[in-house]
Amino acid sequence: MRPFLKPLVPLYAAGLGWKNSRFDRGTTKVWRLGKPVISVGSLSAGGAGKTPVVLALLDLLQQHGIPADVLSRGYGRELKTALQVEANGPATEFGDETLMIARRGWPVFVAPQRFDAGVLAEQQTQGSRVHLLDDGMQHRQLARALDIALLTREDANDLLLPAGNLREPLESLRRAHVVVMREEEAAALSLAVHHYSPMARRWIIRRQLRLDGPLPERALAFCGIARPDGFFTMLKQLGVPLVAQQVFPDHHAYTETEIAALRDRAQQAMCDAILTTEKDAVKLPADMPRLRVAYLDAVFTDPATVWGDLQQLLNLG
């Protein structure tokens, strides 16, 4: 948090309230695609775990014969045109998280205006029946059939921008059809969800960190994500002995000098592995020595209920 910026919070809140009121009253134009949109978003500026939930939904939909694609603005991308993400392309062109999803084999479309990405998707992927809008809670210009909001304990105790990391207050959960919580936090958040979004369905996820192959004996771990402490904690819980940790800004673009420094630091600490996140790995050389990727998966604790809710809320056959 940045408590010294608290005096600016009312200004931010006033602007946010004006913007949302225009959507609530229908005075701001909303664009609608030909196929239903599932928005996956959060109240916070980052770190809630939206992308793993998008991946979990893609898997669940596929299991039930519903092909889907992903729409995103592609954070940090340099090009401003609407494009389909190429799995072997650079993060500067497509964005890190979107490239990560594409490398898992899913069709992903990016554009500054998500409606443009959706138009391109409907032109190029005739088989998709549903669009998943990644980080879509605040992007109300695109109509959605289902609004999914992730909520974490950190969000519930945070402040609005610029003093905290909340883009919207807890009251905005009223727009959500579904609230997603982490298994270990669900009980503590239950009262808040009941108060702010009593009609919403509740889905619980279990987060699992996966490291292919044997565990290293000595590891240096680094990342450029919104909540790095969670990554390091999960590595330790997995049984990885960390002898060094390094944090970079969220969505960081790594330079050759930084990569060389990481490699040298690992060598000096006699590490047999350099660990990072899947999101960071797409911005690193594939042949980086001793680099290993930790994959974060979100698993629904009750997938049958999630599928039943999707069928009911979206009229999926």
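The values are calculated or read from the model by the stated rules, or taken from the named source; none is laboratory data. If you're wondering where the values come from, they're calculated on a predicted model, not measured in any experiment. FYI the Cβ positions are ideal-geometry reconstructions off the backbone, even for glycines, and counts take in every protein chain you see.
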Just one listed residue, out of Ala102, Ala91, Ala68, Ala111, is closer than 17 Å to Ala145 by Cβ and small (Gly, Ala, Ser), and it is Ala68
Of the residues in the range 118-140 that are farther than 21 Å from Val178 by Cβ and assigned to a loop (DSSP other than H, G, I, E, B), the one that is modelled with the highest pLDDT is Gly127
The lone condition Arg144 fails out of (1) out of contact with any helix residue (DSSP H, G or I) (no Cβ under 9 Å at 6 or more places or on another chain); (2) farther than 18 Å from Phe23 by Cβ is (2)
Given the options Ala281, Ala298, Ala221, Ala294, name the one that is at pLDDT 95 or above, farther than 18 Å from Gly49 by Cα and crowded, with 19+ Cβ neighbours inside 10 Å. Ala221
So for the range 76-86 (the condition being under 24 Å from Val179 (Cβ atoms) and of a type in the set (Lys, Arg)), does at least one residue qualify? no
Residue by residue through the range 151-181, note down the ones that are closer than 15 Å to Gly47 by Cβ and either in contact with a strand residue (DSSP E or B) (Cβ under 6 Å, 6 or more places away or on another chain) or free of Cβ contacts under 8 Å to residues at least 60 places away in the same chain (or both). Leu151, Arg153, Asp155, Ala156, Asn157, Asp158, Asn165, Leu166, Val180, Met181
Given the residues Glu154, Glu171, which is the only one that is of a type in the set (D, E, K, R) and under 20 Å from Arg201 (Cβ atoms)? Glu171
Please return the ranges of strands (runs of 3 or more DSSP E) entirely within the range 195-271 where 1 or more residues are in contact with a helix residue (DSSP H, G or I) (Cβ under 7 Å, 6 or more places away or on another chain), among the aromatic types (Phe, Trp, Tyr) and within 22 Å of Glu154 (Cβ to Cβ). 201-211, 219-223
Return yes or no: is Ala121 in contact (Cβ under 8 Å) with a residue 40 or more places away in the chain, closer than 17 Å to Ala68 by Cα and aliphatic (A, V, I, L, M)? yes
